[in-house]
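The values are calculated or read from the model by the stated rules, or taken from the named source; none is laboratory data. Remember, it's a predicted structure, so these values are computed and weren't measured experimentally. Neighbour counts run over all protein chains shown; Cβ positions are idealised from the backbone, glycine included. Calculation scope for accessible area: heavy atoms of the full protein, side chains included, ligands and nucleic acids excluded. Shrake-Rupley method; radii C 1.70, N 1.55, O 1.52, S 1.80 Å.
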Amino acid sequence: MTDPTQSIRHDWTLPEIKALFDLPFNDLVFQSQTTHRQNFDPNAVQISSLLSIKTGACPEDCSYCPQSARYDTGLERERLMPLEEVKQAALNAKKNGASRFCMGAAWRNPTDKNLDKVIEMISTVKDMGLETCVTLGMLTQPQSKKLKAAGLDYYNHNLDTSPEYYKDIITTRNYQDRLDTLENVRSEKINVCCGGIVGMGETDKDRSALLQQLANLPEHPQSVPINLLVQVENTPLYGTEKLDPIEFVRTIAVARIMMPKSAVRLSAGRNDMSDEMQALCFVAGANSIFYGDTLLTTPNPDENKDLELFEKLGINVSGRLIEDPLDTAVA
Ligand code: SAM
Ligand code: DTB
Ligand code: SF4
């Protein structure tokens with residue numbers, strides 16, 4: 001029988017995933033922590049800082065997102081940020097200890113002209129000794145090639161939820177569009193950062209199906225952000241029933257078991273989490289976070305609060321993985 005703590009698999013079935021979710025909590029977390037220790041330093045967490053380089057007025061209708069032009073969330077529409085401001089923010093992130101700088105734009109997809117401006121930003125940030133990540137929406141293969149040539153380390157593009165629930169959340173692009181972008185990025189050998197959002201009113205089965213989609217991609221994403229919905233007033237998902245925190249921790253644990261060599265990122269939603277809940281997420285196998293007091297537009301715990309938590313838990317900040325993430329993908 002396959003040892004689930006050892007192998008890289010791309011053939012997960014829903015009943016197998018449900019069986020993991022249904023384990024007694026202690027058994028699940030023991031298994032996920034065991035998997036985690038076999039692949040990573042158990043006391044190291046990698047930290048990335050986020051910057052919104054183009055905020056608001058997005059044409060898409062993602063019902064969780066404060067940046068969609070369709071919902072009146074009070075966000076000021078901003079133009080693409082000048083290079084100098086990006087540089088300052090990256091310097092600040094570096095000074096505060098981040099090892100990766102992630103730039104996000106509220107676009108359906110970048111135009112070629114905008115892409116050239118983002119490429120300048122990537123080169124500038126890379127020259128500062130930071131790893132680079134961007135999230136710009138849908139990407140073609142030629143655009144991915146240009147980003148690779150610019151030295152981009154990671155591209156973030158989330159599947160967000162299960163294929164079945166997706167149409168209840170977004171109507172302006174479909175699941176296949178997302179899979180196509182991931183394929184374009186992967187084919188240029190850019191590290192893929194791809195995860196989803198939970199707490200959007202999805203079922204247990206949707207959460208299993210999201211993880212199934214992620215793990216059954218041709219390669220596991222090198223980074224898997226698990227976001228807890230940040231509920232923003234006037235977005236359609238505002239007022240959605242909150243996800244049980246233990247169910248969130250279980251989601252992290254199952255992600256760790258299914259994608260043993262991927263960085264599992266405890267992402268949006270930490271501002272609403274207790275120290276105890278975050279500690280459980282780290283025990284379950286989360287080993288990266290977004291660091292800095294703002295995500296893209298919503299609040300995140302401030303740096304000192306995170307450093308205090310790391311101190312209490314004996315967690316070291318690191319960007320170093322035991323193996324190079326691109327070497328771990330087994331077809
Ligand atoms: N516009 C690009 C796109 O959607 O691909 C890039 C930026 S978009 C804001 C990046 C990701 O942020 C989304 O895919 C979604 O997973 C996450 N996100 C957006 N709003 C969120 C919220 N309110 N709570 C949790 N995650 C959110
Ligand atoms: C990801 O999965 N989560 C981050 C990052 N990738 C770009 C974004 C979270 C955004 C939360 C809502 C906001 O701050 O606007
Ligand atoms: Fe636009 Fe991205 Fe927000 Fe969707 S998630 S509305 S594409 S910024």
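Can you give me the relative contact order of the range 201-331 as a percent, contacts being Cα pairs under 8 Å and 6 or more apart?
Relative contact order comes out at 25 percent.
Our note on the geometry: Cα centres of the range 220-252 and the range 11-67, 10 Å apart.
Cysteines of the chain lacking any other cysteine Cβ under 4.7 Å from their own Cβ: CYS58, CYS193, CYS194, CYS281. From the square roots a ≥ b ≥ c of the eigenvalues of the alpha-carbon gyration tensor of the chain, which class results: rounded (a/c under 1.5), prolate (a/b over b/c), or oblate? Here the chain falls in the rounded category. Ranking THR55, GLN176, MET121 by how far each Cα lies toward the positive end of the dipole of the chain (charges on Cβ) leaves MET121 at the top. In sequence order, the range 308-314 has phi-based couplings of 4, 5, 4, 4, 4, 8, x Hz under the Karplus curve 6.51 cos²θ - 1.76 cosθ + 1.60, θ = phi - 60°, and Gly or Pro positions carry x. Of all DSSP beta bridges confined to the range 1-150, the antiparallel ones make up roughly 0%. The relative contact order of the chain comes to 25 percent, based on Cα pairs under 8 Å that sit 6 or more residues apart. Dipole magnitude for the range 73-142: about 120 debye, using +1 per Lys or Arg Cβ and -1 per Asp or Glu Cβ, origin at the Cα centre. Along the Cα-to-Cβ line of ASP302, 7 Å from the Cα, sits a label point; which residues in the range 88-118 have backbone N less than 17 Å from it? Answer for the range 88-118: 93, 96-97. Taking packing as the residue-averaged number of other Cβ atoms within 10 angstrom, the listed peptides 258-265, 180-187 run from highest to lowest as 258-265, 180-187. Placing +1 on each Lys and Arg Cβ and -1 on each Asp and Glu Cβ, with no other charges, gives the range 196-251 a dipole about its Cα centre of roughly 100 debye.
With contributions of -39500 (n - 2.57) from each DSSP H run of at least four residues, the per-residue ellipticity at 222 nm computed over the chain stands at -12000 deg cm²/dmol. Round to a whole angstrom and tell me the spacing of the C-alpha centers of the range 112-153 and the range 264-304. The range 112-153 and the range 264-304 have Cα centres separated by 26 Å. Exceedance of the 29 Å cut-off in Cα-Cα distance is limited, within the set LYS94/LYS145; LYS148/LYS261; LYS95/LYS312; LYS18/LYS167; LYS148/LYS305; LYS117/LYS305, to LYS148/LYS305; LYS117/LYS305.
Of the beta bridges DSSP finds with both residues in the range 133-285, what % are antiparallel, to the nearest 5? DSSP beta bridges in the range 133-285 are roughly 0 percent antiparallel. Once a ≥ b ≥ c are taken as the square roots of the eigenvalues of the Cα gyration tensor of the range 73-126, is the result rounded (a/c under 1.5), prolate (a/b larger than b/c) or oblate (a/b not larger than b/c)? Since a/c reaches 1.5 but b/c is at least a/b, the shape of the range 73-126 is classed as oblate. Ranking GLN88, SER99, SER68 by how far each Cα lies toward the positive end of the dipole of the range 1-105 (charges on Cβ) leaves GLN88 at the top.
Gain on full extension, evaluated as 0.36 nm per residue between HIS10 and ASP22 minus their Cα-Cα distance, stands at 2.2 nm. What shape does the range 180-331 have by the C-alpha gyration tensor, where a ≥ b ≥ c are the square roots of the eigenvalues, rounded means a/c under 1.5, and otherwise prolate means a/b greater than b/c and oblate the rest? Oblate shape, in that a/c is at least 1.5 and b/c is the bigger or equal ratio. Dividing the mean sequence gap of close Cα pairs (under 8 Å, 6+ apart) by how many residues the range 128-280 holds gives a relative contact order of 21 percent. Solvent-accessible area per residue in the chain equals 43 Å², computed with a 1.4 angstrom probe and all protein chains kept.
Based on Cβ point charges of +1 for Lys and Arg and -1 for Asp and Glu, what charge dipole magnitude is obtained for the chain about its Cα centre, in debye rounded to the nearest 20?
With only Lys, Arg, Asp and Glu charged at Cβ, the dipole is about 760 debye.
Computed FRET efficiency, Cβ-Cβ of GLN176 and ASN234, R0 35 Å: what is it to the nearest 0.05? The pair GLN176/ASN234 has a calculated efficiency of 0.75. Surface composition of the range 99-186: carbon plus sulfur atoms hold 49% of the accessible area, using a 1.4 angstrom probe and ignoring ligands, DNA and RNA.
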